[in-house]
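The values are calculated or read from the model by the stated rules, or taken from the named source; none is laboratory data. Predicted, not measured: the structure shown is a model, and the values here were computed from it. Every residue, glycine among them, receives a Cβ derived from its backbone with ideal geometry; neighbour counts consider all protein chains shown.
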Amino acid sequence: MNFTEARETLERGRNPERRKIYNNTTLERLEDSDGNFYLGLRLHDTVIIKYYPERMILDSGGWRTVTTKARFSAYAPNVGVSARQGEWFINGELFYDGIELDYDGNFLSDTISESDIKTKAKEVRRVKRVIKKYAKAFVVEWQKDDFPLSSNADCWYCLWKKSDDTALGDHWNDTVHLLSHIEESYFVPSLLMNALIEQGYNDPALIYQLKYLDDNVYRALYRYLVKRLIPDIQV
């Protein structure tokens, strides 16, 4: 689907601003930070494809899932998506969030060399090991009777929320505070609450206070941190 096809699809719906086109997937009329109009394919809360008249931008939002890959394949024209050793490739080139192509599948943004792929893969593995170690240690601390509740003593980037309930760190796209927590072995109560909420638990506070489902808590922390730290690794 190119820009023209996306526009025609949207215009055929009842609402000219938004139309559901598949499970958890909508096509929307949007505006970027420069005031430019584009059409966006949204999967859950993430606009994964931005359609401009002459180009498209692909962005997983950190959610490199089977569904995201399927939507790229179905709705990004002349784009082939494959995976190898934990990395995604678009038309044979390493994928990264924000990559730009024209509607013939030609790259408009920079591609990454084979040596850079190996360097990035090595760094991704290193960071994942660090995150796993931190998440496991976090669960051990959380299981202790004296582990505190969220309070104003927490990291403000984890604790404070904007009006849309987005953590301040996410609002400012700041990951430095997360890296410092890992480096200092600082187990921030509100970070854990944010991870449980993002995981979709109906009552994260109950899990937090009753200290059960430790494997689930570990996975929630791991996924929360990977989503924010892995995309920020620079090649």
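Here are some notes:
- First in region 124-149 and touching a residue at least 12 places away in the same chain (Cβ under 8 Å), second anywhere and outside any helix (DSSP H, G or I) and of a type outside the set (A, V, I, L, M, F, W, C), Cβ under 6 Å, 6 or more apart: Gln143/Lys211
- Only a single item in (1) among the aliphatic types (A, V, I, L, M); (2) under 22 Å from the mean Cα position of the chain (by Cα); (3) in a helix (DSSP H, G or I) is not met by Leu206, and it is number (2).
- Within region 80-127, the set of residues being surrounded by 13 or more Cβ atoms within 10 Å (Cβ to Cβ), out of contact with any Asp or Glu (no Cβ under 9 Å at 6 or more places or on another chain) and of a type in the set (S, T, N, Q) comprises Ser82, Asn91, Thr119.
- Lys211 free of Cβ contacts under 8 Å to residues at least 12 places away in the same chain, out of contact with any Gly (no Cβ under 8 Å at 6 or more places or on another chain) and not assigned by TED's automatic domain parsing to the domain that holds Trp88: no
- Checked against the criteria, Ile182 counts as closer than 19 Å to Arg129 by Cα and surrounded by 11 or more Cβ atoms within 10 Å (Cβ to Cβ).
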